[in-house]
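S.K.: This structure is in structure tokens; I'll ask about it shortly.
The values are calculated or read from the model by the stated rules, or taken from the named source; none is laboratory data. Predicted model, so just to flag it, every value in this text is computed and none were measured. Glycine also receives a Cβ, built like all others from the backbone with ideal geometry; neighbour counts cover every protein chain displayed. Accessible surface is based on the protein model in full, side chains and every heavy atom, while ligands, DNA and RNA are left aside. Shrake-Rupley method; radii C 1.70, N 1.55, O 1.52, S 1.80 Å.
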Amino acid sequence: MDESRMFQENTSDNYLNSVALICEDDAFQKKGHSKRTLSPEEAEKLARDQALVSDFKKLKLEKDAQKNWDLFYKRNSTNFFKDRHWTTREFEDLKACREFEDQKLTILEAGCGVGNCLFPLLEEDLNIFAYACDFSPRAVEYVKKNALYNIERCKVFQCDLTKDDLLENIPADSVDVATLIFVLSAIHPDKMHLALQNIYKVLKPGKCVLFRDYGLYDHAMLRFKSGSKLGENFYVRQDGTRSYFFTDEFLSHLFMAVGYEQVVNEYVLRETVNRKEGLRVPRVFLQSKFRKPLSEA
């Protein structure tokens, strides 16, 4: 699950390929607590598109959620997402959370996909052991077949974060830092707290979850056609996979209700430029850090 995924919505393959390749070519980026301001045309479109998907279809999408992601990876193999070499640049805590130099960190990548974040991170930092899991069994198999996969440095397993107990694969209070990057948006809003509770159990007291995902009024949200809306800020793509678009208030309440402390929670506003096509699109993400308290209240 990745930011470049937005280009799959209702568009031609040529457009998808040309834009996804340059998804990190930005004219500007700024962070803060202000939501993106919609243009009058954008506001009118969102106001007009209020029809919701039927309850029957909503139930079927929830039932078929794993199958739909598995089919996504079957169609796209390991070729859809670019490797995330920006992770340590955007999340300095992946290195700064060490208590002493050369400390071996234990990390959890919740929602690892086919390893686009996992393998660059393991290559860049030799003092990391990574647990990684994904909803899709097919994605997990792709990770295990990667030439860089090494059981001495990582343990990868299939997991539904809303249902399967992480303690079956990871000791309690053992993880130094957990990442949740373009993952929570694919989970039904009513079940998001279950994923956060699951991660909470394996995170060491005082350690953090690093979060990045779609923010309200991201370009992907504005591209959905009428009839794609499942609920407030929640949409379904043509392939049956779903995406939620977060506000900082919603995300803060979600984490803090589980017991986390908020450290950072801000919008990242970017303008992505495809010079070849002459396209400029507004991207909105939430980038946040939430900490498990040192002691339980």
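S.K.: Once the other residues with Cβ under 14 Å from the Cβ of ASP164 are scored (Lys, Arg +1; Asp, Glu -1), what is the net sum? Intermediate values should be presented prior to the final figure.
M.R.: Values: positive: LYS163, LYS191, LYS201; negative: ASP134, ASP160, ASP165, GLU168.
That sum, taken over residues with Cβ under 14 Å, equals -1.
S.K.: Show me the ranking of peptides 236-245, 107-116, 130-139, 156-165 by mean Cβ neighbours inside 10 Å, starting with the highest. Don't jump to the answer; show the numbers that get you there.
M.R.: Working: 236-245: 19.3, 107-116: 25.5, 130-139: 23.4, 156-165: 17.8.
Order by mean packing, descending: 107-116, 130-139, 236-245, 156-165.
S.K.: Now for a different question. A 21 angstrom limit on the alpha carbon distance is what I want to check against. Which of LYS35/LYS207; LYS58/LYS201; LYS35/LYS57; LYS58/LYS191 exceed it? The partial results should precede the final answer.
M.R.: Values: LYS35/LYS207 28 Å; LYS58/LYS201 30 Å; LYS35/LYS57 31 Å; LYS58/LYS191 14 Å.
Flagged as over cut-off: LYS35/LYS207; LYS58/LYS201; LYS35/LYS57.
S.K.: Give me the accessible area per residue for segment 233-294, probe 1.4 Å, as a whole number in Å².
M.R.: Working: 2390 Å² over 62 residues.
Normalised by residue count, the accessible surface of segment 233-294 is 39 Å².
S.K.: Let me make sure I get this right: for segment 220-296, a, b and c are the square roots of the gyration tensor eigenvalues over alpha carbons, sorted descending. Under 1.5 in a/c it's rounded, otherwise prolate if a/b > b/c, else oblate. Which is it?
M.R.: On the way: a/c = 3.46, a/b = 1.62, b/c = 2.13.
Taking the square roots of the gyration eigenvalues as a ≥ b ≥ c, segment 220-296 is oblate.
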